[in-house]
Amino acid sequence: MTELPSYLPIELETTTFDLIVVGTGIPESVIAAAASATGKTVLHLDPNDFYGSHSASIHLNDLTSFLNYHANLPSTAAANTNSASSSHDFTALNLSLRSLYSNVETSNYAPETLAQHSTKFSVDLGGPRVFLCADKATDLLIKSGVNSYLDFKGIEASFIWDGSGRLCDVPDSRSAIFKDKSLSLLEKNQLMRFFKLVQRHLGASDGNDEGRESSKISEEDLESPFVEFLKKMRLPPKIKLIILYAICMVDYDQDNLEVCKSVLKTRDGMERLALYQNSIGRYGASGALLYPTYGLGELSQAFCRRAAVKGCIYVLRMPVTALLMDQNSGQYKGVRLASGEDMFSHQLVLDPTFIVPLPPASSPPDLRESFQVLSLKDDKRKVARGICIINSSLKPDISQFLLIYPPRSLFPEQDTSIRALQIGGGLDKLAVCPSGMFVLYFSGLCDDAGQGKRLLHAAMNALLTLPVSESGSAAGSEDAEVKPTLLWSMLYIQELTTVPTGQYENIISTPTLDGNINFSDLIESTVVLFQKMYPDEVFFPETPSSPEVPENSEDDTELSLEN
């Protein structure tokens, strides 16, 4: 990183901390808040002028600039790995950046309209993503007290694409099953019997009175592929698709083992069904899913706010340019800021943008070996993400809903599920875009950019139409009267990284946002990182409410759900 703009010194009272965190994405913000809650002194830095990093919700212009910058990092950003300078008792190793995004494709069909409202958008970088009311991420919001800073709305409905152009309801409760007109009486009875079987098994596993040992599903069935168990239950194909892809949120085609990279076992399927059922109606939500007002970026900001209450110091628009390594031991000492200042800490957390350089050849061999296992492991998979702005809802009278395209529902070579999330605009909804507009997020796992773009284009073309051109030839079909009009879109490919099994003693790298629809795996990985850093500390110990938050027992135990 060279030729940086000038940065003013931050001139803090102290330059030594227990922990320095670089990046304000969800994993970094959770770790900063958890460390602050245990009494650690924390300095939290971000090179951007907004909170959230790769988990942010930002304006359209900022979104375009952010993705284009990270997709086209200058050559100097990746050429400094072996550059080092010595000063006093330490060696400065220049940090380099990895490109997490590629193949950014932007289309603007209403430039004048969007230019007038650009700052009224709050668009998620890592969408689509929601909270399950009963999952680990939601429980963490309450345990940490972060729920006091957030408001939510329930996702009003879930649908599944039936392959013939229809959005079919996902019946997630007894009443929903009976009200669903798309299900035959036989299908309703089959689905009800299956859910009763699941409830009896879960009750027996928990030792409830209604569950007897004979009600448990056999170990042989629990270890078998869930798709085979569903076939054994003689569930029709439509019901099987709903259970696998819309409720259990499976990624890959479970019927084709040649392309399926992850087979869901019946045991895990039962756990996912239980999580979904336990989420329905919790906190007063009509369904199982929640979304925060103003976008997912509010999550990072809420954890940062919690950390600040506990004494964490925040500095935005301050890049870190180098690691400081002890000249004698070769151990990590601190970081050098773009302002030229040196900050020291016992532990360092870096967001996945950063590539940690190898120490100079003169460093002890043990140190060089430890650094070789530090860099994040690149997952061979990628996530294709799409963001669309449309002029009307895909479903009349419904603003927020989730849509699942099961494998092979769009074209024969579609090996993975595609997920779409529509969020409505206006202050009376979720305030992520102007009133009268809607943001539509898409995502799907892929092996390369070509495959990813094909998934996104197929999903978009099934739902949307382009504006009518001046010649009137772009949308002269009957579908144009039904499908919402696409005003703007951005498609891009995100790299996936996972945390390495070996970590250098004092430096931790966080993972990228995964391809899941929820936060559970990301939060679980973050908890593991914190426990590696501080094995003797409690992750968010129980403490009295913050003085910033009024004492209210309901606020401490519930989520704020807007009507």
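The values are calculated or read from the model by the stated rules, or taken from the named source; none is laboratory data. None of the values given here were measured: they were computed from a predicted structure. Note: ideal-geometry Cβ built from the backbone for every residue, glycine included; neighbour counts use all protein chains shown. For accessibility, only protein heavy atoms count, side chains too; no ligands or nucleic acids. Shrake-Rupley method; radii C 1.70, N 1.55, O 1.52, S 1.80 Å.
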- Checked segment 99-109 for anything touching a helix residue (DSSP H, G or I) at 6+ places or on another chain (Cβ under 8 Å), assigned to a loop (DSSP other than H, G, I, E, B) and open to solvent by 30 Å² or more (accessible area, probe 1.4 Å); matches are Ser99
- Message: Can you confirm whether Glu112 is surrounded by fewer than 18 Cβ atoms within 10 Å (Cβ to Cβ), charged (D, E, K, R) and touching a helix residue (DSSP H, G or I) at 6+ places or on another chain (Cβ under 8 Å)?
- Response: no
- Query: What strands (runs of 3 or more DSSP E), lying completely within segment 270-354, carry at least 1 residues that are crowded, with 21+ Cβ neighbours inside 10 Å?
  - Reply: 289-292, 320-326, 332-337, 342-350
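Going by the structure shown, is Val349 within 14 Å of Ile507 (Cβ to Cβ) and either free of Cβ contacts under 8 Å to residues at least 24 places away in the same chain or touching a helix residue (DSSP H, G or I) at 6+ places or on another chain (Cβ under 7 Å) (or both)?
Yes; evaluated as a whole, the condition is true for this residue.
Listed here are the residues, each with its yes/no results for (1) within 30 Å of Ala322 (Cβ to Cβ); (2) modelled with pLDDT under 65; (3) out of contact with any strand residue (DSSP E or B) (no Cβ under 9 Å at 6 or more places or on another chain).
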| residue | (1), (2), (3) |
| --- | --- |
| Asp447 | no, no, no |
| Ser477 | no, yes, no |
| Gln494 | yes, no, no |
| Leu513 | yes, no, no |
| Asn518 | no, no, no |
- Query: Which condition number in (1) open to solvent by 10 Å² or more (accessible area, probe 1.4 Å); (2) at pLDDT 75 or above is the one that Leu529 fails?
  - Reply: (1)
- Residue count, segment 542-563 (criterion: surrounded by fewer than 12 Cβ atoms within 10 Å (Cβ to Cβ), touching a helix residue (DSSP H, G or I) at 6+ places or on another chain (Cβ under 7 Å) and either modelled with pLDDT of 55 or more or under 17 Å from Asp351 (Cα atoms) (or both)): 1
- Task: Taking Asn80 as meeting all but one of (1) at pLDDT below 95; (2) closer than 30 Å to Asn328 by Cα; (3) open to solvent by 50 Å² or more (accessible area, probe 1.4 Å), write down the number of the exception.
- Result: (3)
- Cβ pairs under 7 Å, 6+ apart, first in segment 132-155 and closer than 15 Å to Tyr294 by Cα and part of a strand (DSSP E or B), second open to solvent by less than 30 Å² (accessible area, probe 1.4 Å) and hydroxyl-bearing (Ser, Thr, Tyr): Asp151/Thr293; Phe152/Tyr291; Phe152/Thr293; Lys153/Tyr291; Lys153/Thr293
- Task: Kindly check whether there is at least one residue in segment 244-258 that is farther than 30 Å from Glu341 by Cβ, free of Cβ contacts under 8 Å to residues at least 60 places away in the same chain, acidic (Asp, Glu) and part of a helix (DSSP H, G or I).
- Result: no
